[in-house]
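FYI, it's all coordinate maths here, none of it is from the lab. Predicted, not measured: the structure shown is a model, and the values here were computed from it. Positions of Cβ are generated from backbone atoms using ideal geometry, with glycine treated the same way; all protein chains shown enter the neighbour counts.
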Amino acid sequence: MADAYVTALRLLARRELSEAQVRTRLARREFESDEVDAAIARLLAERALDDRRTALACARTEAHVKRHGRLRALRTVEALGIDRGLAREAVAEVFGEIDEDALIAHALDRKLRHQPSPKASAGQAGAAESAVARRLYRYLLAQGFDASRVHAVIRNRVKNALHDD
């Protein structure tokens, strides 16, 4: 049977994992707790295991690849078992380099690309547009964007659409 250290190295060779994730996966493989503790201590000493690096990698993926907002990125990093303070620092560092309004606008464009425009009479058009705006607002909040920023982007989009007509 392989020892906990080698097993943990194999896990880390595939992807960046947090200390909590490595502990859980080693425990699932039924290693003794003192073996797990010794393996974790060695991995930390060798810097093969680093929660800060994992948090930054996850936050970058959330922001740049998945294009999620700050709050959703924070929830995802915390779900890895990373300390809340460290997760906040990593997300703040990654999102400090990003124009969040542009990220919201991109998410809005992506969502609107797949939505048919409502066809209704003049009286129904306002209600239909309001319902669409509410759906978009909920969608963007679920993506982890700040409510005030989402509101401002949608308001500007509606204002620009009215000026275009």
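Pop the C-beta distance of Arg75 and Arg14 into the FRET formula with R0 = 25 Å and round what comes out to the nearest 0.05.
0.60
Compute the helix-to-body angle for 100-113: its Cα long axis versus the longest principal axis of the chain, expressed 0 to 90° and rounded to tens.
70
With angles folded into 0 to 90 degrees, how steeply does helix 70-79 sit against the dominant principal axis of the chain? Use alpha carbons for both and round to 10.
30
With the dipole of the chain worked out from charges on the C-beta (+1 for Lys and Arg, -1 for Asp and Glu) around the Cα centre, which of Ala133, Ala87, Gly144 lies farthest toward the positive end?
The Cα lying farthest towards the positive end belongs to Ala133.
In sequence order, what are the phi-derived ³J(HN,Hα) couplings for the range 146-156 according to the Karplus relation 6.51 cos²θ - 1.76 cosθ + 1.60 with θ = phi - 60°, rounded to whole Hz, with x for glycine and proline?
Residue by residue, the range 146-156 yields 5, 4, 5, 5, 4, 4, 5, 5, 5, 4, 5 Hz.
Of the labelled options [x] 46, 15, 11; [y] 27, 19, 15; [z] 38, 21, 14, which one gives semi-axes √(5λ) of the Cα gyration tensor in Å as computed for this structure?
Entry [x].
How far is it, in nm, from the label point at Arg28 to the one at Leu141 when both lie 7 Å from their Cα along the line to the Cβ?
Roughly 3.3 nm, to one decimal.
What relative contact order, as a whole-number percentage, does the chain give when Cα pairs under 8 Å and 6 or more residues apart are counted? Walk me through the intermediate numbers first.
On the way: 145 pairs, mean separation 33.7, N = 165.
Over the chain, the number comes to 20 percent.
Against the longest alpha carbon principal axis of the chain, how many degrees, from 0 to 90 and to the nearest 10, is the axis of helix 4-14 turned?
So the inclination is approximately 30 degrees.
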